[in-house]
Amino acid sequence: MTATTADVWLPFPAEEIDGLPEGPNYLFWNGGPDFPADPADCAYYVVPYMQGPEVAQRPLASMGSVQVVQTLSAGIDHVEPGLGLLPAGVRLCNAKGVHEASTAELTLALILASLRGFPGFVHGQDKEEWRSGFYPALADKSVLIVGYGSIGSAIEDRLVPFECARVVRVARSARTTARGPVHTLDDLPALLPEADVVILSTPLNPSTQGLVGADFLAAMRDGALLVNVARGGVVDTKALLTELESGRLRAALDVTDPEPLPAGHPLWHAPNVLITPHVGGSTSAFEPRAKRLLADQLTRFTAGEPVRNVVTTTG
């Protein structure tokens, strides 16, 4: 089987993607109960978007010929547990370049809505109450971005016009950017007490699972806002609830643990929390960017050129 004749599984009909190279046998599968063909013949598997780990991993054990597994999300945590089912040498690629704009937009929306009291205004409108007063501004605040990859950088791009006092960056490894230094996770105890807004945009992996626990939250200054556009598992929900219910911290969450957040969960009605249902990347910007990524990746793949956004290779 060659790249130019192999099966390619797509979550969009091939005729809807401009620029796909000729040759491969394009098959549509978006997580339905029946596979479009024998998974053993699939060489390039594009994981259905936002269908959950069970769907993402379901065909992997039978994909003995697959060469590339492509997610349409920035995170790979929904696929990673199944990588041990694959043969050696399979490249796992993420969707870097697809979600930065939408996720950064939502991050700013969550910050502004939370600081400026929008949830209270909505409730006031429902009750026909005029809730005037003074509310915090983003201007002059100190912002800490935990997870400074392409999404974290896009968030900082959009913070620039808001006249923040400073923006501090944290990632897995230290480096220097045009905007300033990037600190490591080890520096968080010293950085957290100085931040008014803490943004989580880090991948979920063993080093970040439960990163935001009781100690992390206790180090945040009184009245600080925690914004999570990463993954719910980065935050210890029980520890966060304790801080929210005490009134010491605020939170704006696009992701939760558990997720979806079940009816009756105390986080729904905790004070000072704004929750959106994991919609950071689910906007009108997603589909055109995802299709452009797939056309480029498959052009590279069929030409025998290196694909982009390789996160890991099975071995």
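Every read-out reported here was derived from the displayed coordinates using simple, explicitly stated rules and does not represent laboratory data. This one's a predicted model, so the numbers in the text were calculated from it and none came from an experiment. Using ideal geometry, Cβ is built from the backbone for each residue, glycine included, and neighbour counts are taken over all protein chains shown.
In table form, for the structure just shown:
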item	result
Spin-label zone in the stretch 187-226 - amide nitrogen under 20 Å from a point set 7 Å from the Cα of R175 along the C-beta vector	187-188, 199-208
The chain: antiparallel DSSP beta bridges as a percent of all, rounded to 5	15
Considering only the stretch 100-275, percent of DSSP beta bridges that pair antiparallel, nearest 5	10
Relative exposure of K291, K96, judged by other C-beta atoms within 10 Å (fewest first)	K96, K291
Percent antiparallel among DSSP beta bridges (both partners in the stretch 121-185, rounded to 5)	25
Crossing angle, helix 286-302 versus the chain [Cα axis fit, 0-90 degrees, rounded to tens]	40
Aspartates and glutamates whose Cα lies under 12 Å from that of K141, excluding same-chain neighbours fewer than 8 positions away	E163, E194, D196
18 Å Cα-Cα reach of K96 towards lysines, excluding residues that sit fewer than 8 places from it in its own chain	K291
Per-q log10 I(q)/I(0), the stretch 100-275, q = 0.09 Å⁻¹ (Debye; single scatterer per alpha-carbon; no solvent)	-0.29
The chain: angle of helix 237-246 to the longest principal axis, Cα-based, in degrees nearest 10	20
Residues of type aspartates and glutamates that K238 reaches as a straight line, Cα spacing below 15 Å, ignoring anything fewer than 8 places off in the same chain	D215, D257, E259
Angle between the chain longest axis and helix 100-115 axis [Cα atoms, degrees, rounded to 10]	20
